[in-house]
Amino acid sequence: MQGMVRRSFIAGAGAVAAAVAAAPVRLPAQPSPATAGPADAKLIEDLVAANRILVGQGVLDGYGHVSARHDRAPDRYLMARSVAPELVAAGDIMEYDLDSNPVDARGRTSYLERFIHGEIYKARPDVKAVVHSHSPSVIPFGVTGVPLRPLYHMSAFLAGGVPVFDIRAASGEMTDMLVRTPALGRLLAGSLGGAAVVLMRGHGNVVVGASLPQAVFRAVYTEVNARLQAQATGLGGQITFLDPEEARKAEASIEGTLARPWELWKKKALAR
Ligand code: MN
């Protein structure tokens, strides 16, 4: 086992050396971490599917990303190279350590905002998957101070409260709005706290889950709930949101049925 890890590390270092010799690339600040070994093939397949599902559901477009914690190494996560989510294939999936250093980049570029994922996995051992999107219906709730609240049973997971991360207030700086450093990732993870969703003022949101299907489900129904809440607000009456006890019961019931939409979504996504 030791020998296998050593060999693959040496092979990886050789590939980096070859790439450096072939092109004037900028060297990474730190040496690449050694691989934790291959992830479960089904997890990779699910991650590819998750990318395509989230595009089909209007959560991701040419931007945004979804990751999964490595099934055999909790200090690693898996995410596609910097590519539009609809185009993601198994060969695009890269391994990262929790400081968001790629293990074996081989010339592949990484998403600028990968620190969202690494810092949340560090802060939340319960989280196994993370979705970062700019899903449009959610944006107004990040800029108006109107809280996003669960309007129906499908979005009961919002009942614990949906915090808003204001990058300017949190960092004390004028930024380009992107979570492009570990420090900004830590501030975002701090705003998320123990919640399922955190909104990013003027930018998007992050949804976490205990599994990839759960994170995908939550990302989809965060967008739907936001759309419905804006519609209900437009009707002008008093909105009755789920009571916390209703939300707790509804979430438990829906949790048991997650496999149904996931099977459908994955089948359609991988047939494309
Ligand atoms: Mn973003």
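Nothing in this text is a laboratory measurement; each read-out follows from the coordinates by a stated rule. Everything numeric in this text was worked out from a predicted model, so none of it was measured. No Cβ is skipped: glycine too gets one built from the backbone with ideal geometry, and neighbour counts run over all protein chains shown.
Test of understanding: ordering THR222, THR181, THR240 by Cβ neighbours within 10 Å, fewest first, what list do you get?
THR240, THR181, THR222
In what sequence do ARG114, ARG168 fall when counting other Cβ within 10 Å, fewest first?
Result, fewest neighbours first: ARG168, ARG114.
To the nearest Å, what is the center-to-center distance of region 232-272 and region 162-214, using C-alpha atoms only?
A separation of 23 Å, based on Cα centres.
Lys and Arg at +1, Asp and Glu at -1: add these up for the other residues within a Cβ distance under 11 Å of SER155 and post the number.
With Lys, Arg at +1 and Asp, Glu at -1, the net is +1.
Of LYS266, LYS42, LYS249, LYS122, how do they rank once you tally other Cβ atoms within 10 Å and put the fewest first? Walk me through the numbers before you get to the answer.
Numbers: LYS266 20, LYS42 9, LYS249 14, LYS122 17.
Placing the least packed residue first, the sequence is LYS42, LYS249, LYS122, LYS266.
Once you place label points 7 Å from the Cα toward the Cβ at GLU45 and ARG72, how far apart are they in nm?
1.8
Given only helices, namely DSSP H runs of n ≥ 4 each adding -39500 (n - 2.57), what is the per-residue ellipticity at 222 nm of the chain, to the nearest 500 deg cm²/dmol? Mind showing how you got there, number by number?
On the way: 9 runs with 116 residues, N = 272.
Theoretical 222 nm ellipticity from helices: -13500 deg cm²/dmol.
Hey, how much of the P(r) for the chain falls beyond 29 Å, as a percent of Cα pairs?
33
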